[in-house]
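This report refers to the structure that appears directly beneath it.
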Amino acid sequence: MIATTTYTEKELFSLLSQIPDPEIPVINIQELGVLRSVKTENGKVIVEMTPTYSGCPALDAIEQEIISALHANGFADVQVKKILSPAWTTDWLTDEAKEKLRKFGIAPPEKSTSDFNVLLGRKKNIICPHCGSDNTEVISMFGSTACKAIYRCKNCTEPFDYFKCI
């Protein structure tokens, strides 16, 4: 089957950018920084994506959503390539994604992945997404997904997820 419609690579990228992250549906795969590129070669759509973690359980779901979206738009020949180098980093999250995470109740990662506080035994000051306090404590370094930790605010007493820096 040949594509029934003609899309530019930019339009295809935009189309795939609408796919939400299956674990954090308030952000899409482009805002997350997972969607790297979309190109066409002889009617074939080639999508490059970089997983947040090599063992990310959402990886297969994202790939299937990409394939389904392209099939639904008339593209039968689709290839999804997983690009592992350079490795994904939280620096690839857009500022819009970080704000969406905060509004959703997940503390976004800091600006940079270079955090030496853990190595030096210092407390990490994570801002509570509910009240804005930095009077928080880690409950568990393992949250609902591998990319999150669980914190609690000592001021408002609310627990919240923190999107770990990678």
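The values are calculated or read from the model by the stated rules, or taken from the named source; none is laboratory data. Not measured: the values here are computed from a predicted model. When we count neighbours, we look across all protein chains shown, and the Cβ atoms used for this are built from the backbone with ideal geometry, even at glycine.
Residue count for the stretch 27-48 satisfying the condition of being among the aliphatic types (A, V, I, L, M) and under 16 Å from Thr90 (Cβ atoms): 5.
Regarding Val34, is this residue outside the structural domain of Gly143 (by TED's automatic domain parsing), touching a residue at least 24 places away in the same chain (Cβ under 8 Å), within 10 Å of the chain's Cα centre (by Cα) and farther than 29 Å from Cys131 by Cβ? Here the answer is yes, as Val34 does meet what is asked.
Scanning for something surrounded by 15 or more Cβ atoms within 10 Å (Cβ to Cβ) and farther than 30 Å from Thr157 by Cβ, does the stretch 89-107 turn up at least one residue? Yes, because at least one residue in the stretch 89-107 is surrounded by 15 or more Cβ atoms within 10 Å (Cβ to Cβ) and farther than 30 Å from Thr157 by Cβ. For the stretch 124-151, a residue qualifies if it is β-branched (Val, Ile, Thr) and under 15 Å from Pro109 (Cα atoms), and the qualifying residues are Ile126, Ile127, Thr136, Val138, Thr145, Ile150. Count, please, the residues in the stretch 142-166 that happen to be part of a loop (DSSP other than H, G, I, E, B) and touching a residue at least 12 places away in the same chain (Cβ under 8 Å). The number of residues fulfilling the criteria is 12.
Every condition in (1) within 16 Å of Tyr7 (Cα to Cα); (2) assigned to a helix (DSSP H, G or I) is met by Ala76 except one, and the failing one is (2). Within the stretch 1-42, which residues are touching an Asp or Glu at 6+ places or on another chain (Cβ under 6 Å) and surrounded by fewer than 16 Cβ atoms within 10 Å (Cβ to Cβ)? Once the filter is applied, which keeps residues that are touching an Asp or Glu at 6+ places or on another chain (Cβ under 6 Å) and surrounded by fewer than 16 Cβ atoms within 10 Å (Cβ to Cβ), the stretch 1-42 yields Ser37, Lys39. In a residue-by-residue description of the stretch 6-15, the property of being farther than 23 Å from Ala146 by Cα, part of a loop (DSSP other than H, G, I, E, B), of a type in the set (Ser, Thr, Tyr) and touching a residue at least 60 places away in the same chain (Cβ under 8 Å) applies to at least one position. Could you list all residues from the stretch 141-164 that are out of contact with any Lys or Arg (no Cβ under 8 Å at 6 or more places or on another chain) and over 19 Å from Thr52 (Cβ atoms)? Once the filter is applied, which keeps residues that are out of contact with any Lys or Arg (no Cβ under 8 Å at 6 or more places or on another chain) and over 19 Å from Thr52 (Cβ atoms), the stretch 141-164 yields Tyr151, Arg152, Cys153, Lys154, Asn155, Cys156, Thr157. Residue count for the stretch 64-84 satisfying the condition of being within 22 Å of Phe163 (Cβ to Cβ) and surrounded by fewer than 18 Cβ atoms within 10 Å (Cβ to Cβ): 3. Are any residues in the stretch 43-62 over 17 Å from Glu9 (Cα atoms) and crowded, with 17+ Cβ neighbours inside 10 Å, and if so, which ones? Listed by number, the residues that qualify are Thr50, Pro51, Thr52, Cys56, Ala58, Leu59, Ile62. Note on the stretch 24-37: residues that are on the phi < 0 side of the Ramachandran plot and not in a helix (DSSP H, G or I) amount to 9. Entry remark, the stretch 38-71: residues being in a loop (DSSP other than H, G, I, E, B) and under 18 Å from the mean Cα position of the chain (by Cα) number 9 in total. Here Ile127 clears all of (1) modelled with pLDDT of 95 or more; (2) of a type in the set (Val, Ile, Thr); (3) not assigned by TED's automatic domain parsing to the domain that holds Ser37 except the condition numbered (1).
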